[in-house]
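I have placed the structure first, in the form of structure tokens, so that the comments after it can refer back to it.
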Amino acid sequence: MADAFDTTAMATETTLLNPRFYTTDFDEMDRIDVTPVRAEWDKLIAQMKSDPNRGHFKKNADWDTVDWQGMDPALRAEFIDFLVSSCTAEFSGCVLYKEMKRRGTNADICELFNYMARDEARHAGFINDALREAGVAVNLGFLTKAKKYTYFRPKFIYYATYLSEKIGYARYITIYRHLEAHPEQRFHPIFKWFREWCNDEFSHGEAFALLMRTDPKLTQSFANKLWIRFFLTAVYSTMWVRDHARVDFHNALGVDIDWYDQEVFRKTSIIARQVFPVELDIDHPRWLPGLRRMDQAMRDMDAAKRKGGIGGWIGHKTATLRAALAFAGLYLIPVKHMTPPADVRLEPSF
Ligand SMILES: [Fe+2]
Ligand SMILES: [Fe+2]
């Protein structure tokens with residue numbers, strides 16, 4: 001099986017949909033002063049320092065034997081793709097957080113990023129253990145050197161990373177709750193670990209919420225509200241397209257992808273009211289049709305690329321234009337305006 005899946009190459013590839021590695025202006029981030037949120041900050045850091053999940057990411061008796069060879073090949077391919085993409089996303093966080101910790105001089109920032117890097121290293125390592133059992137572990141050391149890094153200025157890191165942490169929480173807890181009700185659909189033991197796991201992601205998101213609260217301009221200025229709206233649209237629609245490419249995987253879990261994605265958006269949007277002044281209207285009549293149009297355009301882009309030649313080139317250009325228009329359509333759906341509460345901190349409640 002190892003030959004069929006070059007997971008390191010899969011993880012290294014840069015595409016529109018693959019998780020990326022990020023770099024930023026670490027000096028600017030190092031200058032953040034957490035004084036305005038000191039009381040909440042200290043509480044969060046104390047909780048991270050106590051490391052409630054220290055012993056969690058280890059295989060124990062709950063880790064049943066996995067029949068990789070007996071798994072339906074289509075499901076196996078999609079599940080490996082899911083694990084590789086999750087592992088890359090977790091490791092991407094680890095690399096970014098570790099770099100901030102390494103370069104920083106600000107004691108508050110260094111301490112936070114140290115704990116977050118610790119958690120993400122565990123998460124990535126645990127997924128990679130599951131891949132190793134299938135004989136297809138990702139070479140994470142190689143990935144650090146070979147993968148392309150995307151530069152984001154710090155405020156974009158806050159928006160994107162806050163969202164990806166909270167969406168990560170919502171994704172993990174929604175699958176966990178679903179399998180709690182339908183244990184017969186749990187086709188791999190890793191899902192049993194998702195509850196404690198998602199609490200780590202929740203705390204990471206809390207940290208970014210506090211960081212954004214240190215500077216009101218980040219969430220209140222006119223331009224930044226448009227950026228937040230942009231990131232919400234980009235992150236949600238990317239998730240939609242990525243999930244809809246894994247039909248067998250979601251069938252095996254007994255999860256309807258449309259329902260699952262909307263549920264994750266709903267939870268993420270409720271949580272994000274803690275800090276974002278705008279919320280996407282995911283019940284708007286143009287929302288789902290827009291996502292479907294975007295998904296179809298991305299599939300056509302893919303097919304055209306595979307076809308190649310001049311026909312493929314033209315097909316790719318027109319499909320790209322359609323994807324861009326679908327995205328613009330989603331972006332322009334009127335948003336709901338929110339006033340974030342004075343008290344920013346939340347506890348996981350789903
Ligand atoms: Fe994580
Ligand atoms: Fe995280």
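Select from segment 157-177 the residues that are more than 15 Å from ligand 1 (Cβ to nearest atom) and buried (at least 19 other Cβ atoms within 10 Å of the Cβ) and write down the one among them that is nearest to PHE230 (Cα to Cα). Result: TYR159. Every listed requirement among (1) under 17 Å from the mean Cα position of the chain (by Cα); (2) away from ligand 2 (no atom under 16 Å from the Cβ) is met by ARG102 save one, (1).
So, in segment 73-99, how many residues would count as being more than 28 Å from ARG31 (Cα to Cα), within 16 Å of ligand 2 (Cβ to nearest atom) and buried (at least 23 other Cβ atoms within 10 Å of the Cβ)? Count: 2.
Within segment 102-130, being within 11 Å of ligand 1 (Cβ to nearest atom) and touching a Ser or Thr at 6+ places or on another chain (Cβ under 9 Å) holds for MET116, ASP119, GLU120, HIS123, ALA124, ILE127.
This table checks each residue for (1) assigned to a helix (DSSP H, G or I); (2) more than 19 Å from LEU226 (Cβ to Cβ); (3) under 21 Å from the mean Cα position of the chain (by Cα).
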position: ASP283; (1), (2), (3): no, yes, no
position: LEU288; (1), (2), (3): yes, yes, yes
position: ARG292; (1), (2), (3): yes, yes, yes
position: ASP295; (1), (2), (3): yes, yes, yes
position: LYS305; (1), (2), (3): yes, yes, no
position: ILE310; (1), (2), (3): yes, yes, no
position: TRP313; (1), (2), (3): yes, yes, no
position: ALA319; (1), (2), (3): yes, yes, no
position: PHE327; (1), (2), (3): yes, no, yes
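Evaluated against (1) touching a helix residue (DSSP H, G or I) at 6+ places or on another chain (Cβ under 8 Å); (2) under 24 Å from THR15 (Cβ atoms); (3) surrounded by fewer than 21 Cβ atoms within 10 Å (Cβ to Cβ), ARG195 falls short on exactly one condition, (2).
Within segment 111-134, the only residue that satisfies the criterion of being within 11 Å of ligand 2 (Cβ to nearest atom), free of Cβ contacts under 8 Å to residues at least 60 places away in the same chain and over 13 Å from LEU96 (Cα atoms) is ALA124.
Where a number appears in this text, it was derived from the coordinates with a stated rule and is not lab data. Remember, predicted model here, so these are calculated numbers, not experimental data. Glycine also receives a Cβ, built like all others from the backbone with ideal geometry; neighbour counts cover every protein chain displayed.
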